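J.: My structure is below; once you've seen it, I'll send some questions.
Here, each number is a calculation from the coordinates, and none is a lab measurement. Just so you know, these numbers come straight off a predicted model, no measurement behind them. Reconstructed Cβ throughout: ideal geometry from the backbone, glycine too, with neighbour counts over all protein chains shown.
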Amino acid sequence: MDFKRLLVVIDPTREEQPALDRARVIARQLGSQIHLYACIHEDVAAVRQFGAGRGEALDACHAWMESLVRPLREAGLDVAVELEWDPDWYQGCVRASQHYRADVVLKSSFSRPLHQRVLKRTSDWTLIRQCKCAVLLVKDGGAINPRAVLAAVDLSATEGSRAQANEKILRFARQLIESESADVHFVSAYRDLSQAPDRHRLVRDWGVDLEHIHVRMGDPDDVIVDMAEQLKVGLLVIGNAGRSGLAAAINNNTVERVLDKLDCDLLAVS
């Protein structure tokens, strides 16, 4: 999983941009390109601060975005800016990720009550479900260890989309381990004893340290959250079984169920 082309979603309604801060760190380490994307419209309250008319607002917002990237360019980073006028900025982000051919979309994420996410479409869920690339939701986190990474894998999956997600997660985890840039742990959940996975498989197939493999019985979201809190991880890497339509509204996946329960960053891998 490459991190060479980073699409960073900029929120024009906020001063703080955690996703941009994280992209700067990644780009410095990996030499990545950064593509900033923002979308405004007359219905967005922030437009009033940029100007009354469409042209005036676009020009002022573009100038504001350029001020955000000026320090990055001065530091030698490759940064571009894209600004659109569209009432549906959620879908605008998805389109931008496709035409830019992003390896990962980075977006700042702020906790919301569960009922708000279930009853109302949110940008986080739209990106998780519809982006064809990985999505990194960045938080300002509390008592976390930035070097601690938890990779959630489904050890019972041997084929299909979950097995493919496992493969991507494990390859990404191996890159982190080999670069010595993170302390990586693995977690897998099962619901009854007859489904207990073989954690030694990770040792045999991937050379993972047995002490860093945590297999627990329980619902996946509960097991993942408990382990992430116990390890105080800075990043959770998890497979994404994206859905759309009514199924998405009723049966939100594990990524969506853990999103607001943790203070760490979350990387959803399809």
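J.: Positive end of the dipole of segment 145-269, charges at C-beta (+1 Lys, Arg; -1 Asp, Glu), about the Cα centre: which of ALA157, MET227, VAL215 has its Cα farthest in that direction?
T.: It is ALA157, whose Cα lies furthest towards the positive end.
J.: What is the count of Lys pairs in the chain whose alpha carbons sit under 26 Å apart, if the two are 8 or more places apart or on different chains?
T.: Taking the chain as the scope, the lysine pair count is 21.
J.: Rg/Rh for segment 145-269: what does it come to with C-alpha atoms and Rh from Kirkwood?
T.: Details: Rg = 13.9 Å, Rh = 14.7 Å.
So for segment 145-269, dividing Rg by the Kirkwood Rh gives 0.94.
J.: Using a 10 angstrom cutoff on alpha carbons, build the Gaussian network for the chain and name the most mobile of LEU106, LEU136, LEU170.
T.: Comparing LEU106, LEU136, LEU170 in a Gaussian network model of the chain, the most mobile one is LEU170.
J.: Here's a follow-up. When the chain is modelled as a GNM with alpha-carbon springs shorter than 10 Å, which of ASP154, ASP103, ASP88 fluctuates the most?
T.: Highest fluctuation among the options: ASP88.
J.: With the chain treated as a Gaussian network of Cα nodes joined by springs under 10 Å, which of HIS200, HIS214, HIS185 yields the largest mean-square fluctuation?
T.: Of the options given, HIS200 has the highest mean-square fluctuation.
J.: Still on this model: Quick one: putting +1 on the C-beta of Lys and Arg, -1 on the C-beta of Asp and Glu, what dipole do you get for the chain around its Cα centre, in Debye to the nearest 20? Provide the component values of the computation, followed by the final result.
T.: Values: 34 positive and 39 negative charges, 79 e Å.
Dipole of the chain, to the nearest 20 debye: 380 debye.
J.: Add -39500 (n - 2.57) for each DSSP H run of 4 or more in the chain, then divide by its residues: what number comes out at 222 nm, to the nearest 500 deg cm²/dmol? All intermediate terms of the calculation are to be shown ahead of the outcome.
T.: Working: 11 runs with 113 residues, N = 270.
Dividing the helical sum by the residues of the chain leaves -12500 deg cm²/dmol.
J.: Related question: For segment 161-227, compute Rh as the Kirkwood radius over C-alpha pairs and then the Stokes-Einstein diffusion coefficient at 37 °C and 0.692 mPa s; write the answer in µm²/s, rounded to an integer.
T.: Here the translational diffusion coefficient equals 257 µm²/s.
J.: Let me ask another. So how many Å³ per residue does the convex hull of the Cα atoms of the chain work out to? Walk me through the numbers before you get to the answer.
T.: Details: hull volume 35.4 nm³, N = 270.
Residue-normalised Cα hull volume stands at 131 Å³.
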